[in-house]
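Student: Starting off with a structure, shown below.
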Amino acid sequence: MFESLSNRLEGIFKKLRGRGRLDEKNIKDAMREVRIALLEADVSFKVVKDFIERVKERAIGQEVMKSLTPGHQVIKIVKDELIAMMGPHSEILPSITPPTVIMMVGLHGSGKTTTTGKLANKFKKDGHRVMLVPADVYRPAAIEQLNVIGKEIGIEVFDGKGSNNPIKICDGAVKYAIENKYDLVILDTAGRLHIEQDLMDELRFIKEKITPQEILLIADAMTGQDAVKIAAAFNESIGINGIILTKMDGDARGGAALSIRAVTGKPIKFVGVGEKSNDLEPFYPDRMASRILGMGDMLSLVEKAENAFSEEEAKRLEDKIRKETFTLEDFRDQLQQVKKMGPLNQIIEMIPGFKGLKGMKNMEINEKAPLKIEAMINSMTSQERINYTIINGSRRRRIARGSGTTVQDVNRLLKQFIQMKKMMKKFSKGGDIYCPL
Ligand SMILES: Nc1nc2c(ncn2[C@@H]2O[C@H](COP(=O)(O)OP(=O)(O)OP(=O)(O)O)[C@@H](O)[C@H]2O)c(=O)[nH]1
Ligand SMILES: [Mg+2]
């Protein structure tokens with residue numbers, strides 16, 4: 001996320017931090033560079049201009065100049081203003097009289113249907129009875145696509161019985177939801193290639209008939225300023241409550257996330273970070289600012305972990321660590337859990353300070369490494385998994401052959417495992433764990 005913007009800002013701030021004192025010229029020079037970095041990240045021109053003015057005004061003030069750590073003060077101001085630009089945090093609040101109806105709108109391929117599934121999955125986990133409504137009657141297979149998603153996450157999809165009238169389908173669905181005690185309904189509406197009057201009319205008719213609590217615009221973050229323009233157009237035409245930016249896992253430069261709030265006045269409520277039903281994160285402006293500034297985002301990381309690990313599993317693991325009975329089999333289970341948290345490069349980005357570590361910046365994250373480890377552990381006998389000390393030279397050769405790896409790979413795995421056990425021993429005895437961060 002925001003790789004090149006982060007790197008640019010990091011470079012600029014490093015220079016600032018390196019100075020004992022800052023004068024007006026230093027700050028102005030740095031702000032000129034920040035301005036270019038933001039424009040290159042495709043942040044809207046006007047938003048950048050206002051942002052730089054605010055930061056400059058505060059940074060050239062007395063407190064910063066007199067401070068013992070002026071560089072840090074400037075970075076703090078930049079962070080505050082980034083948060084202000086994107087914030088405050090905004091959630092989807094359930095309606096007092098159920099069902100809460102959420103209407104998803106946006107252009108073709110922006111991710112409406114996929115995000116409908118992700119939202120439903122999230123609300124189901126939060127204890128809601130959710131129903132999905134296929135209101136895209138134009139694109140062949142659109143209804144089928146939603147049915148497949150519904151089945152996958154175990155959520156009912158309303159049966160429009162072949163109707164080709166989206167307003168009637170939505171109306172019928174809400175009545176059905178009331179009768180059958182669903183408390184949350186998500187309408188997946190049709191998209192178009194461009195903003196067109198007939199699409200807006202249809203959405204407005206649905207809005208008038210149903211009066212949904214939330215109309216959410218789904219926009220593709222990769223399209224940068226286009227996403228901002230689309231959000232503004234939908235807001236003017238039908239009125240939206242918020243935005244979900246999708247495809248933030250791609251190489252979106254950040255322009256949409258940074259300027260959409262300032263331009264439209266509407267908050268980003270969630271971001272999509274992948275194609276799977278779990279790949280949705282609530283949008284917290286402060287956490288996003290931390291990530292952009294390379295300061296990590298521990299809170300989102302912990303939430304991801306909480307989603308991936310059940311309490312029971314966590315307790316079982318804790319027990320094993322305490323009793324020092326952690327085996328290679330447990331190690332394999334843990335890897336499988338971590339995989340559920342998402343791609344490694346996304347996880348690593350959230351660790352504070354990681355980006356700044358020497359040699360880490362350009363490190364290729366090897367997504368295949370866990371697979372290789374799993375393959376090696378799968379090639380072991382259950383005895384070997386329980387007691388790694390019996391894995392001698394010939395066993396190592398057999399494991400390597402069976403898993404399509406090399407003896408060096410197996411050696412490395414065992415070395416890592418032994419180190420891990422040593423660390424766990426320290427941990428269970430209450431000693432300090434060496435933490436490189
Ligand atoms: N990488 C990534 N892909 C996504 C994300 N959200 C959606 N996609 C992909 O984007 C493509 C289009 O998504 P859909 O959900 O079908 O888009 P839509 O807005 O419903 O499109 P129409 O129904 O044609 O209007 C699919 O291939 C999705 O898998 C995301 O957050 N990350
Ligand atoms: Mg769709």
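The values are calculated or read from the model by the stated rules, or taken from the named source; none is laboratory data. As the structure is a prediction and not an experimental result, all values here were calculated from the model. Cβ placement follows ideal geometry from the backbone for every residue including glycine, while neighbour counts extend to all protein chains displayed.
Student: Counting just the residues of the range 197-214 that are among the acidic types (Asp, Glu) and away from ligand 2 (no atom under 16 Å from the Cβ), which one comes out surrounded by the fewest Cβ atoms within 10 Å (Cβ to Cβ)?
Tutor: Asp198
Student: Among the residues of the range 383-404, which ones are farther than 30 Å from Gly342 by Cβ and either of a type in the set (Phe, Trp, Tyr) or assigned to a helix (DSSP H, G or I) (or both)?
Tutor: Gln383, Glu384, Ile386, Thr389, Ile390, Gly393, Ser394, Arg395, Arg396, Arg397, Arg398, Arg401
Student: Counting only residues that are more than 17 Å from the chain's Cα centre (by Cα) and within 11 Å of ligand 2 (Cβ to nearest atom), which one in the range 109-136 is surrounded by the fewest Cβ atoms within 10 Å (Cβ to Cβ)?
Tutor: It comes out as Gly109.
Student: Which pairs do you get when a residue that is on the phi < 0 side of the Ramachandran plot, found in the range 142-162, comes within reach of a residue that is among the hydroxyl-bearing types (Ser, Thr, Tyr) and not in a loop (DSSP other than H, G, I, E, B), reach meaning Cβ atoms under 8 angstrom, with the pair 6+ apart or on two chains?
Tutor: Ala142/Thr113; Gln145/Thr113; Leu146/Thr113; Leu146/Thr116; Ile149/Thr113; Ile149/Thr114; Ile149/Thr116; Phe158/Tyr176
Student: So in the range 83-108, with the set limited to residues that are more than 22 Å from the chain's Cα centre (by Cα) and among the aliphatic types (A, V, I, L, M), which one is nearest to Pro134 (Cα to Cα)?
Tutor: In this case the residue turns out to be Val101.
Student: Restricting to the range 270-283, count the residues that are surrounded by fewer than 19 Cβ atoms within 10 Å (Cβ to Cβ), out of contact with any Asp or Glu (no Cβ under 8 Å at 6 or more places or on another chain) and not basic (Lys, Arg).
Tutor: Number of matching residues: 2.
Student: From the list Asp159, Asp171, pick out the single residue that is assigned to a helix (DSSP H, G or I), away from ligand 2 (no atom under 16 Å from the Cβ), of a type in the set (Asp, Glu) and over 22 Å from Glu91 (Cα atoms). Explain how you work it out, then say what you get.
Tutor: Working: Asp159 fails: assigned to a helix (DSSP H, G or I).
The unique qualifying residue is Asp171.
Student: On the given criteria, is Lys49 modelled with pLDDT of 95 or more and not hydroxyl-bearing (Ser, Thr, Tyr)?
Tutor: Considered against the rule, which asks whether it is modelled with pLDDT of 95 or more and not hydroxyl-bearing (Ser, Thr, Tyr), Lys49 comes out as yes.
Student: Please go through the range 226-263 and give me each residue that is part of a strand (DSSP E or B) and either within 16 Å of ligand 2 (Cβ to nearest atom) or of a type in the set (S, T, N, Q) (or both), ordered by number.
Tutor: If the condition is that a residue be part of a strand (DSSP E or B) and either within 16 Å of ligand 2 (Cβ to nearest atom) or of a type in the set (S, T, N, Q) (or both), then Ile244, Thr246 are the ones that fit.
Student: So, one more: Can you name the residue in the range 278-322 that is under 29 Å from Ala233 (Cβ atoms) and part of a loop (DSSP other than H, G, I, E, B) and, of all such residues, is farthest from the chain's Cα centre (by Cα)?
Tutor: Here the residue is Tyr284.
Student: Of the residues that make up the range 246-258, is at least one away from ligand 1 (no atom under 13 Å from the Cβ) and farther than 21 Å from Asp286 by Cα? Spell out how you get there, then give the answer.
Tutor: Step one: of the range 246-258, the residues away from ligand 1 (no atom under 13 Å from the Cβ) are 253-255, 258.
This time we only want the ones that are farther than 21 Å from Asp286 by Cα, so: none.
There is no residue in the range 246-258 that is away from ligand 1 (no atom under 13 Å from the Cβ) and farther than 21 Å from Asp286 by Cα.
Student: Could you tell me which numbered condition Lys151 fails, if it satisfies all but one of (1) within 23 Å of the chain's Cα centre (by Cα); (2) loosely packed, with under 13 Cβ neighbours inside 10 Å; (3) modelled with pLDDT of 95 or more; (4) not small (Gly, Ala, Ser)?
Tutor: That leaves (1) as the condition not met.
Student: Within the range 43-56, is there a residue that is of a type in the set (Gly, Ala, Ser), in the same structural domain as Gly255 (by TED's automatic domain parsing), in a loop (DSSP other than H, G, I, E, B) and crowded, with 16+ Cβ neighbours inside 10 Å?
Tutor: No; the residues of the range 43-56 include none that is of a type in the set (Gly, Ala, Ser), in the same structural domain as Gly255 (by TED's automatic domain parsing), in a loop (DSSP other than H, G, I, E, B) and crowded, with 16+ Cβ neighbours inside 10 Å.
Student: Tell me, which residue of the range 134-154 that is touching a Gly at 6+ places or on another chain (Cβ under 8 Å) and among the β-branched types (Val, Ile, Thr) is farthest from Thr116 (Cα to Cα)?
Tutor: Out of the qualifying residues, it is Val137.
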